[in-house]
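Read the figures in this text as sums done on the coordinates, not as results from a lab. Note that the coordinates shown come from a computational prediction; the quantities given were computed from them, not determined experimentally. As a convention, Cβ positions derive from the backbone with ideal geometry for all residues, glycine included, and neighbour counts pool all protein chains shown.
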Amino acid sequence: MVGLGFDIPLPLQTLTEYCHDQDLWVRRIPEAQDFNDILGNMAAFDLYKLLRDDLGRVYHWTEAMTEAARATADARAWSIELAEGSAVVHDLGDGRRLKAACCWGSASEVGEAIGDEHTLVALLDLRNLDRHAVKCSLRTRSKSIPAHLVAERMGGGGHPQASGAPLDPDVLKSLSEALAGQVQGAVRDVLGGE
């Protein structure tokens, strides 16, 4: 936008560059992940005000920035643990794989943590379930599995390495069936013991 003649304050340019680096999986700005963590638990405008007052806070955080980043990192660790524990892997041939899992936020970071250069990671972010839409996030480091084309085929879209698509709500019936299967055995044990 600066090239279009708009005067954008430096703190906002900095935040925009960090977000772009994270959103597109560019990963060229070392502190971008840190700021992504801060934004996970601090309102963007509050962070903007802190940077507006002192751009040096990019490297010298306030206590509130540190606490926000720590809370996000803790939540991400839990989400990665959930994904690792729920993951199923399907062979796509030619050494490529599809890894499907559930997570609780931080889809990009979870995808990066549980995927590799031969894997398309499909995540059902349980935190984002609502009554109107069930969505998946697709993440890959592979150059041979274009996530955006897979997402487009499913009615979604995005970038080659980070995309998303809607899912048929029936996917939740599969989760319900698995739940019923686990509970049913315990119920039978209890009722059989009466």
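What the table below lists for this structure:
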{"item": "Three-way shape call for the stretch 37-194 based on the alpha-carbon gyration tensor, with the a/c threshold at 1.5", "result": "oblate"}
{"item": "Mean separation of Cα contacts under 8 Å (6+ apart) over length of the chain, as relative contact order %", "result": "12 percent"}
{"item": "Label point distance in nm, residue 149-residue 88, each placed 7 Å from Cα along Cα→Cβ", "result": "2.6 nm"}
{"item": "Positive minus negative residues near residue 102 (Lys, Arg vs Asp, Glu; Cβ under 12 Å)", "result": "-1"}
{"item": "Trypsin sites (Lys or Arg not before Pro), loop per DSSP, at most 15 other Cβ atoms within 10 Å - longest free stretch of the chain", "result": "29-130"}
{"item": "Packing-based exposure ordering (other Cβ within 10 Å, fewest first) of 106, 142", "result": "142, 106"}
{"item": "Chymotrypsin sites (Phe, Trp or Tyr not before Pro) within the stretch 50-121, DSSP loop, no more than 10 other Cβ atoms inside 10 Å", "result": "59"}
{"item": "Electrostatic dipole magnitude of the chain [Cβ: Lys, Arg +1; Asp, Glu -1; Cα centre; debye, to 20]", "result": "460 debye"}
{"item": "Whole-Hz ³J(HN,Hα) from phi, Karplus 6.51 cos²θ - 1.76 cosθ + 1.60, for the stretch 36-50, glycine and proline x", "result": "4, 5, 4, 5, x, 9, 9, 4, 4, 5, 5, 5, 4, 4, 4"}
{"item": "Amide H within-cut-off set for residue 134, under 5 Å, with H built and near neighbours excluded", "result": "167"}
{"item": "Inter-label distance, nm, simple model (7 Å from Cα along the C-beta direction), residue 45/residue 186", "result": "4.5 nm"}
{"item": "Farthest positive-ward along the chain dipole, Cα basis, beta-carbon charges - from 14, 56, 71", "result": "14"}
{"item": "Simple spin-label estimate for residue 33 and residue 118 in nanometres, 7 Å along Cα-Cβ", "result": "2.3 nm"}
{"item": "The stretch 87-134 - charge dipole about Cα centre, Lys and Arg +1 at Cβ, Asp and Glu -1, debye rounded to 20", "result": "220 debye"}
{"item": "Simple Cβ-charge dipole of the stretch 81-173, Lys/Arg +1 and Asp/Glu -1, about Cα centre, in debye nearest 20", "result": "180 debye"}
